[in-house]
Amino acid sequence: MKIKKSIAVSETGFVFDPTTGESFSLNEIGIEYLNRLKEGVEKDEIKKEILEKYDVDEMTFESSFNDFINMLYAYQLLEKND
Amino acid sequence: MHTNYLKKMTKTKVTIAVTGLNNTDNPGPGIPVIRSLMESDLFEVRIIGLAYENLEPGIYMRDHVQKVYQMPYPSTGTDLLLQRLDYINSIENIDVLIPNFDAELYSFMKSATKLEEMGIKTFLPTLEQFEERHKAVLSEFGKKYGVSVPKSKTIFSVSEVYTLTRDFDYPVLVKGKYYDAYLAYNPEQVINHFNKITSKWGTPVIIQEFVKGTEVNVIALGDGNGNTIGAVPMRKQYITNKGKAWGGITIDDKKMLALTNSIIKQTKWRGGMELELIKTVDNDYLLIEINPRIPAWVYLAVGAGQNLPEALVKLALGMDVKPYTTYKTGTMFVRYSYDMICDLKAFEKISTTGEL
């Protein structure tokens, strides 16, 4: 899964897709997910980091992360072949 | 040793006549065109506003227009139009004329040679280009140039409305020849819109398949030899109930640019144009309209780095024009309305003498 290269993410979590002109706002955890995905970090590594950093169980992470990925799909923020 | 470190740039003085001063909630492109020209690095412009109605807001924007003349409606014919322009030209010595209304373009295109004889340059599409992109013949245009267009049908009377279900599913778009587009969910609504449109613009009325998707537009300028001088794609962010963009953003869409270049190359488009497209959820593009002129959101293109009205003036004057190859993605515009306090004397003068 690859985030579209052209996507710009600001420090405040403002996401701009220059190919469609769409913009989105991320919450804090969304910023972390997206930045790590943009860096090419795999899901398992992200999971490890989040479980270490926050008081959250694996099931809650899975549900939150999958929900986030589904939103990326829905808003066409992933590269086409993903 | 060279001591000529700095060379003062002198701008060429040009007098430009512009129509479409109706900066209303259905804005004409006149004022945005003037703003663009006022920012030209090459030209020092003197603007002559040409207005049809005495309450077109641009008439009263005296920092944008130096002089305004009332014009006869296009429906009165080209003779009256030329007579009026001859008179205006005898006072103002117009270099370039930029018409901005769809409904007047035909008269100006037909009069282009006579205008040239008066010393007034234009840079307009040819009559053939103008005719073949009409909404009523968009399907043929799509076939000829390999462009996807929504299914459409031209109707001339209310009696044809009940036969539409043979070809269309509701809702459908009901469109006027030049302006207006309404969504209709049943035959009664189509009839309603048909009557509203024909009372203003006459027949035919175009019935068009309603395609779900995002409204995206391209502003472009063709040099008449198949080259694109500039093109900027935009997504509407805020749409008024008249379907007009009240906010928009430039986008980096290669497919839209390729489509624009292909249309300009094949048609050898001459002048400004606006492509209205629907981008479907499958990322296909359907052409819903070609407006044969600069659109009202032209100033966004200037903000993104392409001063297309300036380039159009250069083309009209026969100057060499280097095509724009880039623009800034993510440039936004948000329109606003503004109440001007106007002098009654000014209203009186334009109403009684036709000049201001």
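The values are calculated or read from the model by the stated rules, or taken from the named source; none is laboratory data. As the structure is a computational prediction, the values presented were derived from the model and not from experiment. A quick note on method: Cβ atoms are made from the backbone with ideal geometry, for glycine too, and the neighbour counts reach across all protein chains shown. Keep in mind that these areas ignore ligands, DNA and RNA; they rest on the heavy atoms of the full protein, side chains included. Shrake-Rupley method; radii C 1.70, N 1.55, O 1.52, S 1.80 Å.
For segment B:151-209, what does the accessible surface come to per residue with a 1.4 Å probe? Please give it in Å². So segment B:151-209 comes to 51 Å² accessible per residue, rounded to a whole number.
Once the partner protein chains are put back, segment B:239-260 shows a loss of at least 20 square angstrom of accessible area, versus the chain by itself, at B:ILE249, B:ILE251, B:ASP252 (probe 1.4 Å, ligands and nucleic acids excluded). Heavy-atom accessible surface of chain A, averaged per residue, reaches 65 Å², computed with a 1.4 Å probe. Only Lys, Arg, Asp and Glu carry charge here, each on its Cβ (+1 for the first two, -1 for the last two); on that basis segment B:151-209 has a dipole of about 200 debye about its Cα centre. Residues of segment A:1-46 whose accessible area, computed with a 1.4 Å probe over protein heavy atoms, drops by at least 40 Å² once all protein chains are present relative to their chain alone are A:PHE16, A:PRO18, A:THR19, A:THR20, A:GLY21. Remark: for residue pairs B:LYS13/B:LYS200; B:LYS114/B:LYS255; B:LYS11/B:LYS328; B:LYS67/B:LYS328; A:LYS48/B:LYS254; B:LYS153/B:LYS314, the C-alpha separation exceeds 31 Å in B:LYS13/B:LYS200; B:LYS114/B:LYS255; B:LYS67/B:LYS328; A:LYS48/B:LYS254; B:LYS153/B:LYS314.
Packing order of peptides B:313-323, A:48-58, highest average first: B:313-323, A:48-58 (average count of other Cβ atoms within 10 Å over each peptide's residues).
Bridgeable lysines around A:LYS53 (alpha carbons under 17 Å apart, same-chain partners fewer than 8 residues away excluded): A:LYS43. What is segment B:48-176's relative contact order, in percent, from Cα pairs under 8 angstrom and six or more apart in sequence? That works out to 14 percent. Over all Cα atoms in the protein assembly as shown, the spread is summed up by Rg and Dmax: 25.3, 84 Å. Heavy-atom accessible area buried between chains A and B is around 700 Å² (1.4 Å probe, both sides summed).
Show me the trypsin sites (Lys or Arg not before Pro) within segment B:1-98 that DSSP assigns to loop and that have at most 12 other Cβ atoms within 10 Å of their Cβ. Numbers along the way, then the final one.
Working: sites: B:LYS7, B:LYS8, B:LYS11, B:LYS13, B:ARG35, B:ARG46, B:ARG62, B:LYS67, B:ARG84; in loops: B:LYS7, B:LYS8, B:LYS11, B:ARG62.
When the trypsin sites (Lys or Arg not before Pro) of segment B:1-98 are filtered for loop state and at most 12 Cβ neighbours within 10 Å, B:LYS7, B:LYS8, B:LYS11 remain.
Carbon-plus-sulfur accessible fraction, segment B:12-125 (probe radius 1.4 Å, protein heavy atoms only): 47%.
Each Cα pair under 8 Å and six or more residues apart adds its sequence gap; the mean of these over the residue count of chain A is a relative contact order of 35 percent.
Counting only helical runs of four or more DSSP H residues, what would the 222 nm mean residue ellipticity of chain B come to if each run contributes -39,500 (n - 2.57) and the total is spread over all its residues? Walk me through the numbers before you get to the answer.
Values: 11 runs with 107 residues, N = 356.
For chain B, the value works out to -8500 deg cm²/dmol.
Taken one residue at a time, the phi angles of segment B:24-38 give Karplus couplings (6.51, -1.76, 1.60, θ = phi - 60°) of 9, 6, 10, x, x, x, x, 5, x, 5, 5, 4, 4, 5, 5 Hz. Gly and Pro are set to x.
Counting only lysines at least 8 places from A:LYS47 when in the same chain, those with an alpha carbon closer than 29 Å to its own are A:LYS2, A:LYS4, A:LYS5, A:LYS38, A:LYS80. Comparing B:THR331, B:THR214, B:THR12 in a Gaussian network model of chain B, where Cα atoms under 10 Å apart are tied by springs, the biggest mean-square fluctuation is seen for B:THR12. Measuring between their Cα centroids, segment B:296-356 and segment B:115-139 lie 20 Å from each other. Counting, for every residue in B:103-112, the Cβ atoms of other protein chains within 10 Å of its Cβ and taking the mean gives 0.
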